[in-house]
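Have a look at the structure below before the remarks.
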Amino acid sequence: MSGIHRLPQEVADAIAAGEVIERPASVVKELVENALDADARRITIDVRGAGRTSIRVSDDGSGIISDELPLAFMRHATSKVLTLADLHGIRSLGFRGEALASIAAVSDVDCTSGGARIHLRAGEVLEQGAGPLLPGVNIEVTDLFANMPARLKFLKSDATEVAAMRDVISTFALLHPHVKFHLTIDGRASVTSGGDGDRKRAGAAIYGQLVAAEMLEIVGLPLVSGMVSQPRVSRGTRDWIVLAVNGRPISSRSLVFALEECYQGRLERGRHPIAVLDIGIDPELVDVNVHPSKREVRFRDENAIFSAVQRAVRAALGGSEPFFYRAPAPTPAGSHEQQTAHLRVAQEASAAVAVQDLVTEPAPAGVPLRPMGQAGPGYLVAEGPQGLVLVDQHAAHERILYNRLLARLRDGRGMSQALLIPAAIDVEPALMAAAADHQAELSALGLELVEFGPRSLRILAVPAEMPASRATKAVHETLSALSENRSENAVEKAAAALACHSAVRFGDVLDLAEQRRLLADLELAEDSVTCPHGRPTRLLIDWQELTRHFRRNY
Ligand code: ADP
Ligand code: MG
């Protein structure tokens with residue numbers, strides 16, 4: 001080492017570039033952001049060799065005037081911010097004036113716009129002059145990280161890098177449905193969106209028709225636009241949740257939490273929704289300048305955003321529908337491969353249309369389900385206007401009772417039945433404490449408990465619907481739910497435990513009158529698609545599915 005010295009420009013640039021350009025997907029992200037900032041309607045991205053060989057992005061946006069082309073590649077050169085005040089109200093995706101300089105520092109760049117062309121390598125201008133006069137900007141990045149062997153070594157497998165680039169484009173396509181994106185990987189189409197402004201159609205391009213048809217659009221709400229999945233479709237990871245502010249993808253644990261909380265009681269544990277949520281907000285109320293790749297943002301009023309998200313998601317979920325039975329597509333006979341492929345496409349298309357019709361068609365209200373008996377240990381079979389319905393009698397009853405208990409909690413008026421012989425139970429100190437802390441809520445739920453010695457309670461009354469024989473077990477689980485969940489929804493969990501113990505069991509025999517009542521109550525219950533634990537309550541085999549299966553449509 002030779003004492004303190006200022007770094008040569010190229011070293012400083014390479015260090016700065018490292019923060020912005022980590023991997024091929026960062027190049028794609030920055031170039032697409034620039035195209036979106038230039039109001040492009042059509043953005044084509046062509047990737048070769050997992051982005052190491054080349055990444056080419058062409059757009060039809062406003063372009064760069066020929067005189068300014070070299071300037072665009074200088075560090076801190078931008079057309080988006082002029083004064084310090086501008087930093088507080090950023091409407092564009094870019095603003096630091098670093099992306100093009102950083103990309104040029106670590107690759108070979110050829111860029112044409114406005115009739116000019118420039119060629120740079122490792123930050124040095126190699127050539128510049130006239131170029132073809134085309135709309136927008138055409139930029140090609142080759143030999144990425146050729147001058148940074150360490151960075152090159154840290155890249156993941158080709159498949160992983162390609163997936164990351166695909167994710168970038170998918171996310172932007174979902175957030176900017178009015179822009180036509182076309183991504184090709186080694187000449188093969190990977191993502192193609194229509195750019196007609198229809199978010200569900202953009203969804204179809206990314207998730208496929210069937211999943212897109214299950215998305216509920218958020219319409220007419222302030223602040224939040226986007227779409228969320230029906231609870232009956234879910235994913236094992238959070239990878240399908242896209243959050244954004246003014247079209248800029250962000251990550252935010254708190255907003256993911258806000259979203260997922262709306263699905264509570266509708267999704268099973270470990271399942272996650274699919275969502276696109278774009279928060280349209282006055283740029284002054286959000287600081288996007290807190291993270292090098294601008295992934296994190298700071299809201300001035302985080303609580304307001306949190307509740308706006310929840311209002312929007314809850315409103316959209318108001319239209320959620322029961323689970324449909326879908327027969328697996330029959331494999332057509334015949335050996336001719338092309339013909340098979342053709343048939344399959346036709347079948348998928350028709351299935352997709354059918355699902356869409358059903359999802360958008362509201363269920364005719366007021367027509368009761370007709371009970372037809374029980375099947376297996378505990379499924380009710382019924383006929384309704386949309387088709388044949390199978391109901392899990394326990395899950396359905398659980399939902400009905402849970403809703404009823406929550407309503408009593410809200411009014412603070414329990415409906416209980418006194419036990420003829422009060423039951424005594426021994427409990428640990430934590431549960432004794434839970435009983436004492438939540439006395440008012442427990443009584444609203446219909447449970448009357450009194451202390452009976454240091455480690456035991458006496459149960460005087462239970463909810464009206466609960467069989468007396470289940471009292472001790474139910475009380476034990478209810479108190480456990482209260483003591484284990486310190487959060488706000490501890491009481492809901494307790495109500496779910498009580499509902500579970502009060503509901504008919506899966507093996508119970510129900511007569512037709514009991515079946516009819518349960519079905520009628522279920523049809524009226526809110527969120528009746530699932531039980532309070534998120535398991536489905538019913539399965540609909542719709543008439544169209546039967547018609548299709550029995551080929552009655554010919
Ligand atoms: P930033 O986006 O932060 O301004 P960049 O380094 O990404 O910084 O780009 C520098 C400037 O080059 C931009 O401010 C913009 O004026 C211009 N520019 C870059 N890409 C495009 C494009 N695709 N279309 C029009 N102008 C562009
Ligand atoms: Mg930029």
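The values are calculated or read from the model by the stated rules, or taken from the named source; none is laboratory data. Owing to the predicted nature of the structure, the values given are computational and were not obtained by experimental measurement. Positions of Cβ are backbone-derived with ideal geometry, glycine not excepted, and every protein chain shown enters the neighbour counts.
Just the residues that are crowded, with 19+ Cβ neighbours inside 10 Å and near ligand 1 (Cβ under 8 Å from one of its atoms), please, taken from segment 52-65.
Residues satisfying the conditions are V57, D59, G61, G63, I64.
Looking at L133, L144, L120 in this structure, which one is part of a loop (DSSP other than H, G, I, E, B) and buried (at least 18 other Cβ atoms within 10 Å of the Cβ)?
Among L133, L144, L120, only L144 is part of a loop (DSSP other than H, G, I, E, B) and buried (at least 18 other Cβ atoms within 10 Å of the Cβ).
It is to be established whether one or more residues within segment 47-58 are among the hydroxyl-bearing types (S, T, Y), over 18 Å from I185 (Cα atoms) and within 31 Å of the chain's Cα centre (by Cα).
No, because not a single residue in segment 47-58 is among the hydroxyl-bearing types (S, T, Y), over 18 Å from I185 (Cα atoms) and within 31 Å of the chain's Cα centre (by Cα).
For segment 55-99, which residues satisfy the criterion of being among the hydroxyl-bearing types (S, T, Y), under 22 Å from V109 (Cα atoms) and within 15 Å of ligand 2 (Cβ to nearest atom)?
S62, T78, S79
Can you name the condition, by its number, that A363 falls short on among (1) modelled with pLDDT under 85; (2) surrounded by fewer than 11 Cβ atoms within 10 Å (Cβ to Cβ)?
Looking at each condition in turn, A363 falls short on (2).
Matching residues to (1) surrounded by fewer than 16 Cβ atoms within 10 Å (Cβ to Cβ); (2) closer than 26 Å to E268 by Cβ:
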position	(1), (2)
A150	yes, no
D158	yes, no
V162	no, no
F181	no, no
A212	no, yes
G236	yes, yes
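If I ask for residues that are of a type in the set (D, E) and more than 30 Å from T537 (Cβ to Cβ), which ones from segment 394-443 would you list?
Residues satisfying the conditions are D426, E428, D437.
Starting from segment 79-102, keep only residues that are hydroxyl-bearing (S, T, Y), then list their pairs with residues that are in a helix (DSSP H, G or I) and within 8 Å of ligand 1 (Cβ to nearest atom) whose Cβ atoms are within a distance under 6 Å, requiring at least 6 positions of separation or different chains.
Note: pairs meeting the criteria are S92/D37.
Among what's in segment 10-51 and is part of a loop (DSSP other than H, G, I, E, B) and within 16 Å of ligand 2 (Cβ to nearest atom), pick the residue that is surrounded by the fewest Cβ atoms within 10 Å (Cβ to Cβ).
Within segment 10-51, the match that is surrounded by the fewest Cβ atoms within 10 Å (Cβ to Cβ) is D39.
Being at pLDDT 90 or above, of a type in the set (D, E) and outside any helix (DSSP H, G or I) is true for just one of E383, E441, E477. Which residue is that?
E383
Give me a count of the residues in segment 241-264 that are surrounded by fewer than 20 Cβ atoms within 10 Å (Cβ to Cβ) and in a loop (DSSP other than H, G, I, E, B).
4
For (1) within 16 Å of ligand 1 (Cβ to nearest atom); (2) without any contact (Cβ under 8 Å) to a residue 60 or more places away in the chain; (3) not small (G, A, S), each residue gets a yes or a no:
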{"site": "D143", "(1), (2), (3)": "no, no, yes"}
{"site": "D158", "(1), (2), (3)": "no, no, yes"}
{"site": "A164", "(1), (2), (3)": "no, no, no"}
{"site": "L174", "(1), (2), (3)": "no, no, yes"}
{"site": "F181", "(1), (2), (3)": "yes, no, yes"}
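For V47, are the conditions met, namely being within 12 Å of ligand 1 (Cβ to nearest atom) and at pLDDT 95 or above? Outline the logic, then answer.
On the way: within 12 Å of ligand 1 (Cβ to nearest atom): no; at pLDDT 95 or above: yes.
So V47 does not fit the description; no.
What is the one condition in (1) within 11 Å of ligand 1 (Cβ to nearest atom); (2) in a helix (DSSP H, G or I); (3) at pLDDT below 90; (4) among the charged types (D, E, K, R) that E68 does not satisfy?
Result: E68 fails condition (3) only.
Every residue, every condition in (1) free of Cβ contacts under 8 Å to residues at least 40 places away in the same chain; (2) of a type in the set (V, I, T), yes or no:
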{"position": "I400", "(1), (2)": "no, yes"}
{"position": "R413", "(1), (2)": "yes, no"}
{"position": "P422", "(1), (2)": "yes, no"}
{"position": "A468", "(1), (2)": "no, no"}
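Kindly provide the set of residues from segment 524-539 that are crowded, with 20+ Cβ neighbours inside 10 Å and not polar (S, T, N, Q), ordered by number.
Residues satisfying the conditions are V529, C531, P532, R538.
Results for (1) at positive phi; (2) at pLDDT below 95; (3) in contact with a Pro (Cβ under 9 Å, 6 or more places away or on another chain); (4) part of a helix (DSSP H, G or I), shown as yes or no for each residue.
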| site | (1), (2), (3), (4) |
| --- | --- |
| A471 | no, yes, no, yes |
| A481 | no, yes, no, yes |
| S487 | no, yes, no, no |
| E523 | no, yes, yes, yes |
| E526 | no, yes, no, no |
| R551 | yes, yes, no, no |
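For segment 71-103, which residues satisfy the criterion of being in a helix (DSSP H, G or I) and either of a type in the set (D, E, K, R) or near ligand 1 (Cβ under 9 Å from one of its atoms) (or both)?
L71, A72, D86, A99, L100, A101, S102, I103, listed by residue number.
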